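What follows is a short report on a single structure.
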């Protein structure tokens, strides 16, 4: 991957290409990891799932077909978000089942901004990030939870009040309180979002740390699952996942990249004639369980300070929790 993979500008251009693919999945298809995802969710279709850096992946759509109707998908590219909303509408997928929004997964708090509609037909109506949804149509996070529903309604009332008062405050207000509150998601699912940060020529370690902090914040304590699909090897990814500030229980699964095999080659490690053995290529799934929400505020400052001494270098190993201790 080129370093540009870590920038919004690259992805706006990529998804704005009229000759680009309508949907594409990096590394693995959902069918290849479906069993692991379903096991992690316990087969509970009511679970709330957020896809970070989703792009035009079919993962949300494929999960919707299995009955998961409480999903939010994000991407840093507004062009991508617009394309996917159009695609979902054509497929008959409502925004209440999969809500697609523009957000930087390193700072979800700055993801979505309110805008005021213009025109005689809807003066003063509040819109969200060009998706033409009224405040009352926004999806509720954990709507089956009475306490969360009350909290979300209070946020809506507050946003509506700002708009009715004619205040300019709403122009910079974010809906993070509604869509990305603390300890709210049953699963955070990502595919190559972290990979893109690894490939950034800049301060990639700092970016990954900020990203993982956001994941940790929005995952439910004790039961929340962080599911990662990555091309990077375990010793690279777990250098971050096993940092003591996160306290995750981590396991990984190696998935052979069958697309790299020559046709007809059922065993890519065998030889044929003078041909040398072909090395198998693997992608990896990482499954992280959030154990204790008190760990991050207690350990974050010290760990992040050490990482920021060399923000373009992976964290030192002494900051990691040994695998046996984390499991």
Per-residue counts of other Cβ atoms within 10 Å, averaged by peptide: what ranking do you get for 28-35, 190-197, 206-213, 39-46, highest first? 190-197, 206-213, 28-35, 39-46
Quick check: convex hull of the Cα atoms in the range 190-237, volume per residue, rounded to a whole Å³? 78
Average silhouette area of the range 27-76, convex hull of alpha-carbon atoms, in square nanometres: 3.4
If the chain between residue 258 and residue 302 were fully stretched, how many nm would it gain, using 0.36 nm times the residue separation less the Cα-Cα distance? 11.6 nm
At what distance in nm do the modelled label points of residue 210 and residue 90 sit from each other, each positioned 7 Å from its Cα along Cα→Cβ? 3.5
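Bear in mind these aren't lab numbers, they're just calculated from the coordinates by the rules spelled out. Just so it is clear, the model here is predicted, and its values are computed rather than measured. Cβ sites come from the backbone with ideal geometry, for glycine too, and all protein chains shown count toward neighbours.
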